[in-house]
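Below is one structure; the comments refer to it alone.
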Amino acid sequence: MRTLKRIVMLLAVVILCASCANRYLSSLDYNPWQLVQLPTDATIADISFASDRKHGWVVGSNSTLLETNDGGETWELRSLNLGDQKYRFDSVSFNGEEGWIAGQPGLLLHTIDGGKSWGRIPLSAKLPGSPNTVLALGPQTAQMTTDIGAIYRTTDGGKNWKAEVQEAVGVVRNISRSNDGQYVAVSAKGNFYSVWRPGQEAWEPHNRNSSRRVQNMGFTPDGRLWMLARGGQVQFSEANDFESWQTANSPESATSWGFLDLAYRTPDELWVSGGSGNLLCSLDGGKTWLKDRDVENIPGNFYKVVFLSPDQGFVIGQRGTLLKYQASVKSA
């Protein structure tokens with residue numbers, strides 16, 4: 001009888017261990033991310049590079065502006081004469097030597113000389129919301145969104161702006177743009193999302209497809225939607241149908257860290273960032289996942305992943321966190 005009990009207990013332990021193993025992700029066998037020391041502890045919000053891919057800019061909280069001339073290896077603080085008001089710089093974008101910075105409360109900056117000088121663009125008091133993203137599209141041309149989902153375009157360097165939608169969508173948690181000009185916005189409470197296509201007068205609202213609140217959304221390289229939901233869930237829409245979704249995936253169900261952003265390095269390789277140094281990688285388009293455990297001890301949340309090209313990428317986040325992608329590490 002005792003022997004039988006021991007066998008049963010041993011089998012229970014084996015099953016439990018196997019179950020635990022399935023709940024924890026395997027580790028990535030290389031770490032392509034280099035921690036870059038920044039001369040600030042501000043929260044980093046966005047990054048962009050000018051025509052020279054070695055010359056870039058980082059923006060963040062407390063009017064933080066940093067410049068690099070060596071591809072992101074080192075950064076120096078830059079100050080702007082904006083008075084005593086402290087701003088939160090949310091977005092920076094360059095097209096060639098022309099760049100834009102959007103921030104809150106109610107701030108839009110413009111440069112045509114690679115950032116040597118910045119001018120403030122006056123904004124109408126009737127602007128619905130405050131600027132939260134800006135995208136440089138070409139000479140004197142940019143697109144700006146606000147924190148309640150208004151979309152505007154200028155073709156004369158910011159002197160005049162044309163509304164692209166007749167009504168804003170409401171307070172948004174985040175908003176993302178596809179390469180062909182579509183937008184997806186997640187409501188502030190994460191209970192629904194809206195899609196806008198160029199030429200439409202209004203946003204198309206969509207209910208979330210589960211009880212989990214939506215954290216962030218964006219577009220895949222082939223034009224589908226990706227969704228990050230509370231509790232570390234990743235999901236992708238079907239092709240050409242923003243109402244139909246593939247089966248949700250919880251890459252690491254054993255943890256409770258939330259996912260905050262997703263970005264593609266290549267059509268098959270994508271990275272997901274999250275709270276408390278959480279960084280996951282998929283090499284098969286999101287079917288299976290691996291975890292980069294070499295960055296787990298970096299304090300702070302990883303808010304955003306940006307790939308400017310397959311060989312140039314960054315992870316940005318809390319308390320001056322900046323990771324730089326090193327293509328040579330993976331190929332070694």
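What does the charge count near SER244 come to, summing +1 for each Lys or Arg and -1 for each Asp or Glu among other residues with Cβ under 14 Å from its Cβ?
Working: positive: ARG208, ARG224; negative: GLU238, ASP241, GLU243.
Its environment carries a net charge of -1.
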Subject >> Cα point-scatterer Debye curve for segment 153-214, base-10 log of I(q)/I(0) at q = 0.17, 0.18 Å⁻¹ >> reply: -0.63, -0.69
Original post:
Could you give the distance between the Cα centres of segment 176-225 and segment 283-332, to the whole Å?
Top reply: 24 Å
Subject >> Rg/Rh (Cα only; Kirkwood hydrodynamic radius) as it applies to segment 118-180 >> reply: 0.94
Original post:
Bin by bin, in steps of 10 Å, what percent of the Cα pairs in segment 252-332 do you find, going until the bin that has the longest distance?
Top reply: 18, 56, 25, 1
Original post:
Binning every alpha carbon pair distance of segment 98-208 at 10 Å from zero, what are the percents per bin?
Top reply: 15, 48, 30, 7, 0
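May I have the convex hull volume per residue, in Å³, for the Cα set of segment 130-285? All intermediate terms of the calculation are to be shown ahead of the outcome.
On the way: hull volume 19.4 nm³, N = 156.
In segment 130-285, the Cα convex hull volume per residue is 124 Å³.
Note down the magnitude of the dipole of the chain about its Cα centre, charges +1 on Lys and Arg C-beta and -1 on Asp and Glu C-beta and zero elsewhere, to the nearest 20 debye. Intermediate values should be presented prior to the final figure.
Values: 32 positive and 33 negative charges, 260 e Å.
Dipole about the Cα centre, nearest 20: 1240 debye.
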Subject >> From the C-alpha gyration tensor of segment 56-136, square roots of 5λ in Å >> reply: 21, 14, 11
Subject >> ALA163 versus GLN37: modelled label distance in nm, points set 7 Å from Cα along the beta carbon direction >> reply: 5.1 nm
Original post:
Which of the aspartates and glutamates could a cross-linker span from LYS126 if the Cα-Cα distance has to be under 15 Å and same-chain partners fewer than 8 positions apart are dropped?
Top reply: ASP147, GLU167
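Could you check how much of the accessible area of segment 55-106 is carbon and sulfur, as a whole percent, using a 1.4 Å probe? Could the numbers behind the result be given before it?
Values: 860 of 2190 Å².
Ligands and nucleic acids excluded, carbon and sulfur give 39 percent.
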Original post:
For ASN179 and ARG197 in the same chain, what is the full-extension length gain: residue separation times 0.36 nm, less their Cα-Cα distance, in nm?
Top reply: 5.3 nm
Original post:
At GLN85 and THR288, where each label point lies 7 Å from the Cα along Cα→Cβ, what is the point-to-point distance in nanometres?
Top reply: 5.3 nm
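Where does the chain land at 222 nm, in deg cm²/dmol rounded to the nearest 500, when only DSSP H runs of n ≥ 4 count, each adding -39500 (n - 2.57), divided by all residues? Intermediate values should be presented prior to the final figure.
Values: 2 runs with 27 residues, N = 332.
Using -39500 (n - 2.57) per qualifying helix, the result is -2500 deg cm²/dmol.
Over every pair of different alpha-carbon atoms in the chain, take the mean of 1/r and invert it; report that Kirkwood radius in Å.
Details: mean 1/r = 0.0473 Å⁻¹.
It works out to 21.2 Å.
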**OP:** Report the dimensions of segment 195-332 along its three principal axes from the alpha-carbon atoms, largest first, rounded to Å.
**Re:** 45, 31, 29
**OP:** Subtract the Cα-Cα distance of LYS54 and ASP311 from 0.36 nm times their separation in residues, and report this length gain in nm to one decimal.
**Re:** 91.3 nm
Original post:
Could you give the accessible area per residue of segment 36-183, probe 1.4 Å, as a whole number in Å²?
Top reply: 46 Å²
Subject >> Whichever lysines have a C-alpha closer than 25 Å to that of LYS304, once near sequence neighbours (fewer than 8 apart) are set aside >> reply: LYS54, LYS86, LYS189, LYS287, LYS291, LYS324, LYS330
Original post:
What FRET efficiency comes out for the pair GLU204/ALA248, r = Cβ-Cβ distance, R0 = 25 Å, nearest 0.05?
Top reply: 0.70
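The values are calculated or read from the model by the stated rules, or taken from the named source; none is laboratory data. None of the values given here were measured: they were computed from a predicted structure. Here Cβ is always computed from backbone atoms with ideal geometry, including for glycine, and neighbour counts include all displayed protein chains. Surface areas here come from the heavy atoms of the whole protein model, side chains and all, with no ligands, DNA or RNA. Shrake-Rupley method; radii C 1.70, N 1.55, O 1.52, S 1.80 Å.
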